[in-house]
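Input: a single structure, listed below in structure tokens.
Only the coordinates and a few stated rules stand behind these numbers; no lab work does. Fair warning: this is a prediction, and the values are worked out from it, not measured in the lab. So basically every Cβ, Gly included, is an ideal-geometry build from the backbone, and we count neighbours across all protein chains shown.
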Amino acid sequence: MKAVIFDLDGVLVDSEPFHAETLVALAGDLGISLSREETRRFIGVSDEEMWETLISENQLTGHPGAKNMAKLQAARTLERLSSRALLPRDGVSELLVELRSLGILTAVASSSARAYVDHVLETAGFSLYFPVRVAGDEVDRCKPDPEPYRRATELLGVPFRSAAAIEDSPSGIESARRAGLFCIGLETAESWNTPAFEPDLKITGFSRKERRRILRFLDLQ
């Protein structure tokens, strides 16, 4: 295996609760009653697609449109992040060091906007590991479309079947599998439900034991 491409939210950083809080507050501003539990169905979905769904389901009128709502959410998220850092998942830093020592390339493929991706990687101390980044506002079609992962492999200069994705959502797993990548599925309480496409390997985190399983899996492909 020549490369590992990481999803950002929920994989590199434990950010899903943070995004849920932001979404619930912004939806409330439009008169949409949304619970934290209800936001789980949007994990791994682009902000614009999510707002298209919410606007349609709630038959909203007089709104600024899904694209503008997505931009507003991105701005609100960055504003909140100025006073609150997102912490890396336990064990992720160690995995990145191990991958680099083995000469395995790394990249990020996210449905979030580029400004957000850059900010989170910088504050988490991960910028050095991810010179290649594909963000949701840089592709024509976000996950579950395969475009984000195909773009990432092209930028890395590796064949699809020489790369693996690490994902925590059904839409992300589908995106990676449709792109022709191997896929490692991170099961979390926040995001996991039965995906349409099964990952090649399931993990519960990045403990030493799970990192060994990941490296063994990568070595066998």
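In degrees from 0 to 90, rounded to the nearest 10, what is the angle of the helix 208-220 Cα long axis to the longest principal axis of the chain? Result, in degrees: 70. Remark: C-alpha extents of the stretch 126-221 on the principal axes read 36, 28, 25 Å, sorted largest to smallest.
Within a straight-line Cα-Cα reach of under 21 Å, Lys209 cannot be paired with any lysines, leaving aside sequence neighbours fewer than 8 residues apart in one chain.
Rounded to the nearest 10 degrees, the angle from helix 147-156 to the longest Cα principal axis of the chain is 40 degrees. How compact is the stretch 16-81 by the rule of thumb for globular proteins, expressed as Cα Rg over 2.2 N^0.38 Å? Taking the Cα Rg and dividing by 2.2 N^0.38 Å, one obtains 1.00. Residues Ser175, Ser15 in ascending order of nearby Cβ atoms (within 10 Å, fewest first): Ser15, Ser175. Of the GluC sites (Glu not before Pro) found in the stretch 110-216, those that fall in a DSSP loop while having at most 15 other beta-carbon atoms within 10 Å are Glu187.
Simple rule: put +1 on each Lys or Arg Cβ and -1 on each Asp or Glu Cβ in the chain, find the dipole, and look at Pro159, His119, Leu220; the Cα lying farthest toward the positive end is Leu220.
Residues Ser110, Ser56, arranged from fewest to most other Cβ atoms within 10 angstrom of their Cβ, appear as Ser56, Ser110.
Among rounded, prolate and oblate, which fits the stretch 51-117 when a ≥ b ≥ c are the square roots of the eigenvalues of its C-alpha gyration tensor, a/c under 1.5 means rounded, and a/b larger than b/c means prolate? Here the stretch 51-117 falls in the prolate category.
Look at Leu8, Leu60 and count the other Cβ atoms within 10 Å of each Cβ; fewest to most, that gives Leu60, Leu8.
Here r is the Cβ-Cβ distance between Thr61 and Phe160 and R0 is 45 Å; the resulting FRET efficiency, rounded to 0.05, is 0.55. The helix-only estimate of mean residue ellipticity at 222 nm for the chain, built from DSSP H runs of length n ≥ 4 each weighted as -39500 (n - 2.57), is -13000 deg cm²/dmol after division by the residue total.
Straight Cα distances below 19 angstrom link Lys67 to the lysines Lys143, with same-chain residues fewer than 8 positions distant left out.
For the chain, find the longest principal axis of its Cα atoms and tell me its angle to the long axis of helix 66-81, 0 to 90°, nearest 10. With rounding to tens, the tilt is 70 degrees.
With only the Cα atoms considered, the chain has a convex hull volume of 108 Å³ per residue. A Förster radius of 45 Å, combined with the Cβ-Cβ distance separating Glu21 from Glu98, puts the computed FRET efficiency at roughly 0.85.
A Cβ-based charge dipole, computed about the Cα centre of the chain with Lys and Arg at +1 and Asp and Glu at -1, lands at about 720 debye. For the stretch 16-81, the Cβ-based charge dipole about the Cα centre amounts to some 120 debye (Lys, Arg positive; Asp, Glu negative; other atoms uncharged).
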